[in-house]
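Okay, handing you the structure first.
The values are calculated or read from the model by the stated rules, or taken from the named source; none is laboratory data. Everything quoted here is computed from the prediction, not taken from an experiment. Neighbour counts are summed over all protein chains in view; Cβ atoms, including those assigned to glycine, are modelled from backbone coordinates with ideal geometry.
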Amino acid sequence: MASFRFWNRGHFYRWYCFISCRKIAKTRGKPPMSHQSEIRKRIQTKRQSLTKQQQTNYSAQICQQIVNSGVLDNAGHIAFYLPVRGEADPTPLQLIDAYQDKHFYLPILSEHKENHLAFARYDENTQMVLNRFRIPEPDVATASLLHDPSQLDVVIAPLVGVDSRGNRIGMGGGFYDRTFAFKKDENSSPLLIGFAYDFQLIEPQTPQDWDVAVDQIALQSQYLSTDDL
Ligand SMILES: Nc1nc2c(c(=O)[nH]1)N(C=O)[C@@H](CNc1ccc(C(=O)N[C@@H](CCC(=O)O)C(=O)O)cc1)CN2
Ligand SMILES: Nc1ncnc2c1ncn2[C@@H]1O[C@H](COP(=O)(O)OP(=O)(O)OP(=O)(O)O)[C@@H](O)[C@H]1O
C-alpha cells in the first residue's frame, strides 16, 4: 500500500475531490428529507423502541386522562383504532364499566371512496382481516358498517405527532383528513381526539390546506382542548 509520507499537496487535493464526488453521487436522486418526514421518522423510531410494558402503562395513563375529562360520558358511538408498531393503545377504554353501553368502532379502508375510511362496530366477537397496511380491521363481509362518519360522536384518532393547536401529522395516507374534511366547513360532530404519548407533542406546525386539526388531545400527563387557545 502507498505510504502517505510521500504524498504532496496535489495528491491530497485529488483524494479530497474523489471522496467528495462519491458523497454527492450517493445522495443524488434522493430528495432531502422534509421536516415532516424527519418528525415521522424520529417519533416512529422512539415508539417502536418502547417495551410492551411501557406501551401498556403509558396507554393506561392516556386512557385515564380521557376518563377524567368526562368527554365520553354522553357519547354513544365512539371510534378508536387498533395500535400497530408501538402506537399508543386506546382499546382499554372499551373495558371500563361506565362505558359498557357504548358502541365502539374501528376504521376500515373504504371500498367505495378511495383513500377514505368507513367505520365498523367492534367487540370481542368481531371477525378481523389484515388490510393492505397489515393493520387488522373488521371483516367487511361480516361487519356492520357505518358509512357516514358524521354519525359518530367521538373519534379517537391515531397520529404520529401533534402540536398544541391540534395540527396532526399522521402516517401520510391522508385518510383522516379526507374522511373528516367536512368538519372544516361545519364545526360539526364527531369530536376528534388525538391519542398520543407525551413525546408525540411537537413544536407548532404550519398546517396544509387539507389538514383537519383534532379538537382535543389526550396525552399521558395532560388533556388539552385546542379551542382554549
Ligand atoms: N393503528 C392505525 N390504524 C389506522 C391508521 C393509523 O394511523 N393507525 N390510519 C391512519 O390513517 C389508517 C391507515 N393508514 C395508514 C397509512 C399509511 C401507512 C403506511 O405504513 N405507510 C407507509 C409507511 C409509512 C411509514 O411508516 O413511514 C407505507 O405504505 O410503506 C399505514 C397506515 C387507518 N387505520
Ligand atoms: N381532503 C383531501 N383531498 C384530497 N387529498 C387529500 C385530502 N387530505 C389529504 N390529502 C392528500 O393526502 C396526502 C397525505 O396527507 P398527510 O401527509 O396530511 O396525511 P396524514 O394526516 O399524515 O395521514 P392520515 O390522515 O392517514 O393519518 C397529501 O399528499 C394530500 O395531498
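Please list, ordered by residue number, the helices (runs of 4 or more DSSP H) wholly in the range 4-107 having 3 or more residues that are among the aromatic types (Phe, Trp, Tyr), more than 16 Å from ligand 2 (Cβ to nearest atom) and modelled with pLDDT under 95.
Filter on the range 4-107 gives 9-27.
May I ask you to list the residues in the range 123-138 that are of a type outside the set (A, V, I, L, M), within 12 Å of ligand 1 (Cβ to nearest atom) and at negative phi?
131, 132, 133, 136, 137, 138, listed by residue number.
Checking residue 198 against (1) farther than 18 Å from residue 88 by Cβ; (2) surrounded by fewer than 21 Cβ atoms within 10 Å (Cβ to Cβ): exactly one of these is not met. Which one?
The failed condition is (1).
So, one more: Go through the range 166-191 and count every residue that is within 10 Å of ligand 1 (Cβ to nearest atom), touching a residue at least 60 places away in the same chain (Cβ under 8 Å) and more than 22 Å from residue 33 (Cβ to Cβ).
Number of matching residues: 3.
Anything in the range 121-137 that is surrounded by 12 or more Cβ atoms within 10 Å (Cβ to Cβ) and over 19 Å from the mean Cα position of the chain (by Cα)? List them, or say none.
Within the range 121-137, 121, 122, 126, 128, 129 meet the criteria.
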